[in-house]
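The values are calculated or read from the model by the stated rules, or taken from the named source; none is laboratory data. As the structure is a prediction and not an experimental result, all values here were calculated from the model. So basically every Cβ, Gly included, is an ideal-geometry build from the backbone, and we count neighbours across all protein chains shown. With ligands, DNA and RNA removed, areas are computed over all heavy atoms of the protein, side chains included. Shrake-Rupley method; radii C 1.70, N 1.55, O 1.52, S 1.80 Å.
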Amino acid sequence: MVAHDAAADASAAPTITDKIILPVHGMTCASCVARVEKALKRVDGVGTVGVNLASERAEVSFDKHKTGTEAFVTAVTKAGFSVPEEDITLDVTGMTCATCVGRVEKVLGRVAGVETVQVNLATEQAVVHAPKGLVDPRMLTDAVARAGYGATLHAGGENSADEEEAAAADKNRRELLQLLGAAALTLPLLVHMFVVLAGGHAFLPPWLQFVLATPVQFWFGRRFYIAGFRALRAGAGNMDLLVAMGTSAAYFFSLFLWLVPSFNPAGHLHFGAAAAIITFVLLGRWFESRAKRGTTLAIRALMKLRPENARVVRDGNEMTVAVSEVVTGDLVVVRPGERLPVDGSVEDGQSEVDESLITGESMPVAKTTGDPVTGGAINGGGLLRVRVTAVGANTTLARIIKMVEGAQASKAPVQRLVDKVSEIFVPAVVAVSLATFGLWWGLSGDFAQAFIAAVSVLVVACPCALGLATPTAIMVGTGAAARAGILIKDAEALEHGHRVDTVVLDKTGTLTEGRPGVADVAASAGGDIDDVVRLATALQHGSEHPLARAVLDRADDLGITAPAAEDFQSLTGRGVRGTVEGRTLYLGSRRLMTEIGADIAPHEETAQNWEGVGRTVMWLAQADGPPQVLGIIAAADQIKGSAKAAIARLKEIGVRAVMLTGDNERTALAVAREIGIDTVIAGVLPDDKAAEVRKLQDGKHVVAMVGDGINDAPALAAADVGIAMGTGTDVAMHTAGITLMRGDPLLIADAIRASRATYRKIWQNLFWAFIFNIIAIPLAGAGFLTPAVAGGAMSLSSVSVVSNALLLRRWRALATRERSHA
């Protein structure tokens, strides 16, 4: 029995084939170590687990056929800890079609530690997501090299825009020279082909055709042989393999017919067809390359905003240094007409700053002492001295570039369909080509015609267009949106964005300016208005809440000095509590007054009147003995000038607007009536906002949540699409899938419009890419397309897909147009 159990245990034990060391953050004691070990051991396929508290690492041996890194990260996260993660971006060379993309994704996905991989044909980049420090980039580049492609670690923002532009121009120049060389040799062969097809007499002798076609085939066309051989060696197929097979068949068949004339009584050769195919494909690649450069226009424009030098004041002396040498706290001098080199706050001077390429704001923005400024913006006519608050990767411009790059490199979920097709595309085309040859030869007995039809099938098939259809549309669409001040984080936000039918808007900071001021104060009978402000100020001292700032500003205006509050306590979503001058005081909402049992009747009518015109009422009460209301304070938050037009625009595009706020219902309804919102959900605590969003989703609505504060982050994450106002907190912007770089609610509708336009273009591209192959392959198989015409058509399909995507560059935000006409 014991032996049986041992055997059973042995057979059940995992086969240990791999080992990784996983970084784990958040452990503080031996108990934490035990929890992490226990969580990891529960993962199927895990052998041994060792967790080190000092190094904050877990060593795991496991069966890689049963589990992977993603399962370990999930287990650690569920145990209450975190695994720091990173994205590694590679520049990949040699990819030509969707099949290449699938091959590169597979080999990178097999590298130990890699969680997810996204490869983009249009940007020629691969983004690998993995636990931080776990994957060596050299392992990734080696894996790509073994698959037959080239890969280097992406330099990102370290390269200047000028360097990247020069490299792209150099590549384009080399491709143009190759194209011109191939075209010069192919042109006489094409003339000869057309003369023969028109019934004329051939005037190029076979030896001259051979001399002209050979350099085109093996010199200018060597790229197809190299890439095709690499794909074949890696056990995959791609477009280059199809071109190499088709042109080689035409070339060597012509060589055979020339050397053995008894098999070719008519004297027809196909050297011209082979050369023409290569030349047409090179022409298509050149046009495609130029068009793809247009898709990255947004990134290049943003990168050019970064000045290389800055004028810094150190030890009383003004000196010019490289931007990379500027540190936080430096004082930078920006002269009229210059670009701001870094983010900062104006310490001295007044000017107007053009932020249009960053925020989409068409009008210059006035800046004076204390105002924030953004690196990359252009200074107007005044001299500014700016105290640096962020440098390098922490600047607004660097974060924008990173976000746009991330969006352009991401893969839309619809691309999964293309990936599945591309996996079987090349083998299927080869099979169709062989079947075409067999049918033609079997039915007609004409070997030459059977051969030409088979070659045409090989050449006309185009996985290139399929691979470019989605990423080019995403690149151009996100770039056009970025120019309008709409930053789309990833393709998933695009996918959900085009289906949004309900927009939930937080009131404060989204529909209103978020800077309320005290509009009125009322004291209880026998009380003093200034005393109400004084006590409220004591409770609000040090708070950064907008309503607290309003009270503090009123105290400053009145010259009131407030005492210190003791035993201070924040009551989430309701108000605050504290002891002032020995008295227990509460300041907050009507709900808070009800909770402590204070009589609100004496002030109820006044409060309702204030709330009826959109003011927020704060109640001050003393709770020593029977709770008693001391007074009420009304704060008014000005509605944004474009809020009403923004709601009207949402209705125009068929989207319902819902206001979600923690304010009382009367105040919320007053604001809603003024701007045209029909549905209001008021009195919602911050923790409950996400639940309200989920209720709308349960009603079969696709919901976008718009907010700007930390308390909006859970709701932003719960929504199908989170939209953060760029004037809000970093937490909100990090959580959201879309960020509006300026606090203009008109951009909300534009964000949805941009998503719809981009997604519409994706489906147009996919339709044309699929329909081309559906029509062209049967035509080629039926003998209606010669190999040369097939090559031209195949190249044209790729160019047309990229060109169609480039039409998105004409998209303009309506908000930007309206502001520019204002």
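Structural remarks
- Here region 520-654 is treated with +1 on each Lys and Arg Cβ and -1 on each Asp and Glu Cβ, and its dipole about the Cα centre works out to around 720 debye.
- Working note: Karplus 6.51/-1.76/1.60 with θ = phi - 60° gives region 449-459 the couplings 5, 4, 5, 4, 5, 5, 5, 4, 4, 4, 7 Hz, where Gly and Pro are set to x.
- Rg to Rh quotient for region 518-630, alpha carbon positions, Kirkwood Rh: 0.92
- Descending principal axes extents, region 452-599, alpha-carbon based, whole Å: 103, 32, 26
- Selected from GLY113, CYS100, GLY80, residue furthest toward positive end of dipole (region 78-121; charges at beta carbon): CYS100
- Going by accessible surface with a 1.4 Å probe and the largest first, ASP506, ASP698 read ASP698, ASP506.
- Cβ crowding within 10 Å averaged over residues, with 524-531, 640-647, 772-779 ranked highest first: 640-647, 772-779, 524-531
- A straight Cα-to-Cα reach below 19 Å connects LYS106 with the lysines LYS64, LYS66, LYS411, LYS420, residues fewer than 8 places away in its own chain not being considered.
- Modelled spin-label separation between LEU558 and ILE21, with each label point placed 7 Å from Cα along the Cα-to-Cβ direction: 6.4 nm.
- Cut-off under 5 Å, modelled amide H: who pairs with THR679 long-range: MET659
- Listed by chain and number, the lysines whose alpha-carbon sits under 27 Å from that of LYS695, ignoring those within fewer than 8 places in the same chain, are LYS78, LYS489, LYS507, LYS644, LYS651.
- Cα-based radius of gyration of region 640-707 once divided by 2.2 N^0.38 Å, which approximates compact folds: 1.11
- Taking the average, over residues, of other Cβ atoms within 10 Å as the packing measure, peptides 34-44, 169-179, 332-342 rank 332-342, 34-44, 169-179 from highest down.
- Here the Karplus relation 6.51 cos²θ - 1.76 cosθ + 1.60, evaluated at θ = phi - 60°, turns the backbone of region 123-140 into coupling constants of 8, 6, 10, 10, 10, 9, 9, 7, x, 4, x, 7, 10, 7, x, 5, 4, 6 Hz, with x for every Gly and Pro.
- Amide H contacts under 5 Å for ASN309, placed H, 5+ residues apart: VAL323
- With DNA, RNA and ligands ignored, accessible area of THR96 (1.4 Å probe; Å², nearest 10): 20
- Only Lys, Arg, Asp and Glu carry charge here, each on its Cβ (+1 for the first two, -1 for the last two); on that basis region 575-649 has a dipole of about 520 debye about its Cα centre.
- Long-range HN-HN contacts of ASP520 with modeled amide H, under 5 Å: ALA634
- Calculated P(r) tail over 13 Å for region 81-155, as whole % of Cα pairs: 60
- Here region 100-142 is treated as an ellipsoid with the same Cα gyration tensor; its semi-axes, largest first and in whole Å, are 17, 10, 9.
- When the P(r) of region 480-561 is calculated, the portion above 23 Å amounts to 49% of the C-alpha pairs.
- Dipole of region 638-789, positive end: most advanced residue of VAL703, ILE771, LEU660 [Cβ charges, Cα centre]: ILE771
- Eligible aspartates and glutamates near LYS38 by straight Cα distance, threshold 20 Å, same-chain separation 8 or greater: ASP9, ASP18, GLU56, GLU59, ASP63, GLU70
- Considering region 576-717 at the alpha-carbon level, its Rg and Dmax are found to be 17.7, 57 Å.
- Couplings for region 364-381, taken from phi via the Karplus curve 6.51 cos²θ - 1.76 cosθ + 1.60 with θ = phi - 60°, read x, 10, 5, 10, 9, 3, x, 7, x, 10, 10, x, x, 6, 9, 6, x, x Hz in order; Gly and Pro are left as x.
- Each listed q (0.11, 0.12, 0.20 Å⁻¹) maps to a log10 I(q)/I(0) for region 634-775 from the Debye sum over equal C-alpha point scatterers, namely -0.46, -0.53, -1.34.
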